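Student: One structure is given below, represented as structure tokens, and several questions about it will come after.
The values are calculated or read from the model by the stated rules, or taken from the named source; none is laboratory data. The structure displayed is predicted, hence computed values, not measured ones. Positions of Cβ are generated from backbone atoms using ideal geometry, with glycine treated the same way; all protein chains shown enter the neighbour counts. Side chains included, ligands, DNA and RNA excluded: accessible areas come from the protein's heavy atoms. Shrake-Rupley method; radii C 1.70, N 1.55, O 1.52, S 1.80 Å.
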Amino acid sequence: MWQAVLSSPLRAAAESAARTLVDDLLRTPPDDIPDPWSAAQCALVAWEHGRLTGDPRHHTAAEAFADRAAALGASATMEARFIKGFVGVGWLFELMQDSADPTGPDDDDAGLDAAVAALAQRDPWPGVGYFDLVSGLVGAGVYFLSRPSSPQVSAYLEAIVYRLEESAEYLEDGIAWWGATVLGPDHVVSCFNLGLAHGVPGVVGFLARALSRGVSPRRTHALLEGAVRWILAQRLAAGPSCFPTYCTPAGPDGPARAAWCYGDPGVALALMAAASAADRRDWEAAAVDVALVAARRPTETTHVLDASVCHGAAGLVHVFNRLYQASGEAQLRDAAARWAETTLGLLAAGRWDGVPGSGAPLVAKRASVLEGQAGIALALLSASAERAPLWDAMLLSDLAPGPSARARVVA
């Protein structure tokens, strides 16, 4: 059962900050939103705020921003990706549906399903993220996991699992996917990536959810088992983090930052999802151990510089919140609270922008769930709420609360 991880007065401060961020964001006229992805995220924030708080004020705003996103999407050519692309906009619309249509998908749904499914047929995949959550196969999989069950949706999910199987590297220490890590505008490293956003942990997160849904059980379980085994084999002997950012044939990179996108917090989320799907207590123990290492990590070694969700303090609030709800480990609840205090301090100092100097329009920066004020508000709301959020399925963070969590805390 979900419970708020923040207690007074921190809870009140977090709720107030989130409400201010949401209200400020939604004062923007929908017609001033420049792109469909930003408009869809504004709709999500309004919708989730109302759902988590019971406040009906933003229902109309959510509809207005959703209408703006649909209009912009119909008149613009969007990239074929989850984050900032039509896959993610379609996922957001699906999430905000009040109920599935019992008569089946309409023509628009079927057309979008086919467009997303086409991503699995690209050969070779264009760019460095052919399999990842942000722009590749895993993102397409998250979209289809949100769709009502049907033979066609099941077939699309099976095709994604098959493509992942086809493109996997079968190694002595498990299964992984060769990709890349972007370290700067002109610095891309070909590697096995260990970030949830762009790497093998993201594949694990998707496969876990696909297995729970009954998608190609034998094939999916075999891939999941091999990928988890590979991730665990990459654990560093020592350092502030358990895992590196990436690995090449020359060996691992140094210790990773502490974040949702890269580092131990994201890896722990993936391992916990895998443990739940496959009913593996050993994987659960590994996930909790990695999470606790991340929770105890000295702040000065985390490389957290801003309040964003992607690689900032709000992301750690939410990851530790989810890991606590799933495991019942009190140290993870306490870590979420500490990072909530840090998030509020960074907000007060104006350090909310996850990509300062990017040149993106201010309204698009503020509307970003990953890098802007929208995501910070959602993370603070989720830490203060008495019901589970839904928005974070886009982060592969939507772990089910553990049934034995409260008993563990008492024990």
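Student: What are the residues in segment 334-358 that are out of contact with any Asp or Glu (no Cβ under 9 Å at 6 or more places or on another chain), surrounded by fewer than 24 Cβ atoms within 10 Å (Cβ to Cβ) and at pLDDT 95 or above, if any?
Tutor: Residues of segment 334-358 out of contact with any Asp or Glu (no Cβ under 9 Å at 6 or more places or on another chain): 334-345, 347-350, 357.
This time we only want the ones that are surrounded by fewer than 24 Cβ atoms within 10 Å (Cβ to Cβ), so: 334, 337-338, 341-342, 344-345, 347-350, 357.
Answer for segment 334-358, where residues must be out of contact with any Asp or Glu (no Cβ under 9 Å at 6 or more places or on another chain), surrounded by fewer than 24 Cβ atoms within 10 Å (Cβ to Cβ) and at pLDDT 95 or above: ASP334, ALA337, ARG338, GLU341, THR342, LEU344, GLY345, LEU347, ALA348, ALA349, GLY350.
Student: Go through LEU224, LEU196, LEU157 for me and flag whichever is open to solvent by less than 30 Å² (accessible area, probe 1.4 Å), touching a residue at least 24 places away in the same chain (Cβ under 8 Å) and in a loop (DSSP other than H, G, I, E, B). Steps first, answer last, please.
Tutor: Values: LEU224 fails: in a loop (DSSP other than H, G, I, E, B); LEU157 fails: in a loop (DSSP other than H, G, I, E, B).
The unique qualifying residue is LEU196.
Student: So, one more: Could you tell me which of the residues ALA326, ALA364 is surrounded by 24 or more Cβ atoms within 10 Å (Cβ to Cβ) and either over 23 Å from ALA273 (Cα atoms) or touching a residue at least 12 places away in the same chain (Cβ under 8 Å) (or both)?
Tutor: ALA326
Student: Sticking with this structure for a sec: In the list ARG209, ARG229, ARG219, which residue meets the criterion of being open to solvent by 10 Å² or more (accessible area, probe 1.4 Å), of a type in the set (Lys, Arg), touching a Leu at 6+ places or on another chain (Cβ under 6 Å) and touching a residue at least 24 places away in the same chain (Cβ under 8 Å)? Let's see the steps before the verdict.
Tutor: Working: ARG229 fails: touching a Leu at 6+ places or on another chain (Cβ under 6 Å); ARG219 fails: touching a Leu at 6+ places or on another chain (Cβ under 6 Å).
Answer to the check: ARG209.
Student: Taking helices (runs of 4 or more DSSP H) that fall entirely within segment 361-411, which contain at least 2 residues that are modelled with pLDDT of 95 or more?
Tutor: Details: elements: 362-367, 373-384, 405-410.
In segment 361-411, 362-367, 373-384 are the helices (runs of 4 or more DSSP H) which contain 2 or more residues that are modelled with pLDDT of 95 or more.
Student: While we're looking at this one, here's another question. Select from segment 20-72 the residues that are under 23 Å from ALA393 (Cα atoms), in a loop (DSSP other than H, G, I, E, B) and touching a helix residue (DSSP H, G or I) at 6+ places or on another chain (Cβ under 9 Å) and list them in ascending order.
Tutor: ASP35, ASP55
Student: On to the next question. Go through (1) of a type in the set (A, V, I, L, M, F, W, C); (2) at pLDDT below 95; (3) open to solvent by less than 40 Å² (accessible area, probe 1.4 Å) and name the single condition ALA250 misses.
Tutor: (3)
Student: Give the residues of segment 35-64 that are over 26 Å from GLU386 (Cβ atoms) and under 24 Å from the mean Cα position of the chain (by Cα), sorted by residue number. Even if it seems obvious, please write down each step before you answer.
Tutor: Filtering segment 35-64 for residues over 26 Å from GLU386 (Cβ atoms) gives 35-40, 64.
The answer is ASP35, PRO36, TRP37, SER38, ALA39, ALA40.
Student: Among (1) among the β-branched types (Val, Ile, Thr); (2) open to solvent by 10 Å² or more (accessible area, probe 1.4 Å); (3) touching a helix residue (DSSP H, G or I) at 6+ places or on another chain (Cβ under 7 Å), where does VAL116 come up short?
Tutor: (2)
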